[in-house]
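Note sheet for the following structure.
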């Protein structure tokens, strides 16, 4: 529980850990007036917000919003949520933000204070071009990654550089046990893990481990 002083009143921030971070679940005021110091005032309300400043001035919390359509923008209101500590874990549980960036897990989205769209990658969001492909636009954050599905010939694989990139926010390095792959350059070469393939910014194709050179 956190107390934030607001003049003669104090804001009580109650937090609860969830699978996607820590949410503020209740805001209450403590008033030293007629009700007596330490009593909860009658103005209890759900911790809804419109901007980050509605969640306090210390920067610990942000206004986490959602959207039903990334092209329409985030909702007008959201819920105050604790900004996760850095560094984020490297477990692969991707979520798509309303900024059309795929975050490696929800911790990275929350640290960027991005609105939430859906579980899974943004490639599965069925967004029309040019909104889905960062080869034709600049990413709001992260890297324009070119992760190519298995089975394409080299010339088609390399064409993903211009037309089929997707924005990703991923760790600089990941542990192999939590990291999909392997990925190989379209023209062959050493295999890398998914995090490395994302950071490279050039087309890397998903391959079977037996295809990797030894």
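The values are calculated or read from the model by the stated rules, or taken from the named source; none is laboratory data. Just so we're clear, the structure is a prediction, and the values are computed from it rather than from any experiment. Glycine gets a Cβ as well: all are built from the backbone with ideal geometry, and neighbour counts include every protein chain shown.
Numbers at a glance
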| item | result |
| --- | --- |
| Enumeration of residues in region 188-199 that are in contact with a strand residue (DSSP E or B) (Cβ under 9 Å, 6 or more places away or on another chain) and surrounded by fewer than 16 Cβ atoms within 10 Å (Cβ to Cβ) | 190 |
| Only one of 108, 61 that is farther than 18 Å from residue 141 by Cβ and surrounded by 15 or more Cβ atoms within 10 Å (Cβ to Cβ) | 61 |
| Residue that is surrounded by the most Cβ atoms within 10 Å (Cβ to Cβ), among those in region 163-180 that are touching a strand residue (DSSP E or B) at 6+ places or on another chain (Cβ under 9 Å) and either under 15 Å from residue 202 (Cα atoms) or modelled with pLDDT of 85 or more (or both) | 168 |
| Count of residues meeting criterion [in contact (Cβ under 8 Å) with a residue 40 or more places away in the chain and touching a helix residue (DSSP H, G or I) at 6+ places or on another chain (Cβ under 8 Å)] in region 105-121 | 3 |
| Residues (crowded, with 22+ Cβ neighbours inside 10 Å and either closer than 8 Å to residue 186 by Cβ or not assigned by TED's automatic domain parsing to the domain that holds residue 182 (or both)) located in region 145-156 | 148 |
| Among residues of region 44-77, those that are in contact with a strand residue (DSSP E or B) (Cβ under 8 Å, 6 or more places away or on another chain), part of a helix (DSSP H, G or I) and either within 19 Å of residue 117 (Cβ to Cβ) or touching a residue at least 60 places away in the same chain (Cβ under 8 Å) (or both), counted | 2 |
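Condition check ((1) modelled with pLDDT of 90 or more; (2) in contact with a strand residue (DSSP E or B) (Cβ under 8 Å, 6 or more places away or on another chain); (3) part of a strand (DSSP E or B)) across all residues:
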site	(1), (2), (3)
86	no, no, no
96	yes, yes, yes
114	yes, yes, no
117	yes, yes, yes
123	no, yes, no
130	no, no, no
133	no, yes, no
